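Input: a single structure, listed below in C-alpha cells.
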Amino acid sequence: MKTNMFVKTHWKVLKHDFLYKFFRLRLDLVVFIIMKQVVPHNKRKFNQIFVVKREKADWRKAFKREWKELLSRVLNNDLYLTDINNWFCGCPSFLTSHFLICKHLIQQKGIVDTLFFDMVYRHHQYPFINTTSSQIIDFERSNSHNLQTALIFEVAEDENLQVCKKIYERLISTTEKVLDILKDQQDKGNFKWVKSVEKNFQPIEKMLTEITVYKRRRTMVRTFKDSSHNTLFFN
Ligand SMILES: [Zn+2]
C-alpha cells in the first residue's frame, strides 16, 4: 500500500476542511476539532459508503477511468505470469500501479459491466481485487476479537487489584504486630533480644532512607537510573 499518500491526504483534509479558520492554533483545540468534527465526519462517510451504501468511495471514479484506459492498450507478446483469480501480474506496471491493475490483467478479465465498478473491492491480500467484501467482514471480526481481548485485560486488572489489597493488609498487620512486640520488649528492657533481631530490620531501614531521600529530591529532574526498587513506583 502507498501509505504516504493516505497520510498526506489525511493532513490535507484536516488542514483545508477543518482548520482553515485558524492560524497556529493550540494543540488542545486541534484535538477538540479532531474529536468533535473530523471523527464524526469520517464515521458518517464510512456509514454512507459501507453500511447504507448511498455514497460511492472517491477512488471508484478514478479506478474506472484507469481501467477503461488500460483496456484500449495493445498487448505485445509479453510472457508475464498473469493470474486473475489471485489478481497479480509479473509485469512492472502492475507493481507500480496505484490500483494494482495492468493491461494484461484487465484484458484477460475481459468485458465487465458497469455494475462491476460499484461492486469491486480492493484488498491488502490475495486476491487484491475482486467483487467480494470478505476481507471487510474479516476486519469487523478482528475488531470484535480486540474488544474481547480488552475485556480479558480488564478482568486481569481486577484480579491484580485484589492481590494488591491482600498484600497491603498482610504487610500492615505484620508491621503493627511487630511494633507491639518491639514496644513490649523495650518496656521489659530486653536488650539481648533487640540485638539479635536488629539485622532483620536492615532492608526496612534501607527502604525508609531511600524513600526519604527520594521525597526530598522530588522537585528535581529524575531518571529511572536514580530509582531503586524501593522508589521506582513510589507515589
Ligand atoms: Zn501486467
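Quote the FRET efficiency, to the nearest 0.05, computed for HIS98 versus ASP158 with a Förster distance R0 of 41 Å and r equal to the Cβ-Cβ distance. E(calc), rounded to 0.05, equals 0.25. Of all the options ASN77, ASN85, ASN47, the one that moves most in a Gaussian network model of the chain with Cα springs shorter than 10 angstrom is ASN77.
Within the chain, what's the longest stretch lacking chymotrypsin sites (Phe, Trp or Tyr not before Pro) that sit in DSSP loops with no more than 10 other Cβ atoms inside 10 Å? Of all site-free stretches, the longest is 24-232.
Once R0 is set to 45 Å, what does the formula 1/(1 + (r/R0)^6) return for the Cβ-Cβ distance between TYR20 and ASN86, expressed as a FRET efficiency to the nearest 0.05? Computed FRET efficiency for TYR20 and ASN86: 0.55.
Computed over Cα pairs, the Kirkwood radius of region 1-134 leads via Stokes-Einstein (1.306 mPa s, 10 °C) to a diffusion coefficient of 91 µm² per second. Label sites at ARG60 and ASN76, each approximated as a point 7 angstrom past Cα along Cα to Cβ, lie 3.6 nm apart. Sorted largest first, the spans of the alpha carbon positions of the chain along the three principal axes are 107, 46, 35 Å.
Of all segments of the chain bounded by trypsin sites (Lys or Arg not before Pro) found in a DSSP loop with no more than 15 other C-beta atoms within 10 Å, the longest spans 74-187.
In this structure, the pairs whose alpha-carbon distance is over 21 Å, taken from LYS45/LYS68; LYS12/LYS36; LYS68/LYS103, are LYS45/LYS68. Taking 0.36 nm per residue of separation and subtracting the Cα-Cα distance, full extension of the segment from VAL30 to LEU171 would add 46.0 nm.
First measure r as the distance between the Cβ atoms of VAL39 and SER227, then evaluate 1/(1 + (r/R0)^6) with R0 = 35 Å and state the FRET efficiency to the nearest 0.05. Please report the intermediate quantities before stating the final value.
Values: r = 38 Å, r/R0 = 1.10.
Efficiency, from the Cβ-Cβ distance: 0.35.
Since every read-out is calculated from the coordinates, none of them should be taken as a lab result. For clarity, every value in this text was computed on a predicted model and none was experimentally measured. For neighbour counting, all protein chains shown are included, and Cβ atoms are generated from backbone atoms with ideal geometry for every residue, glycine included.
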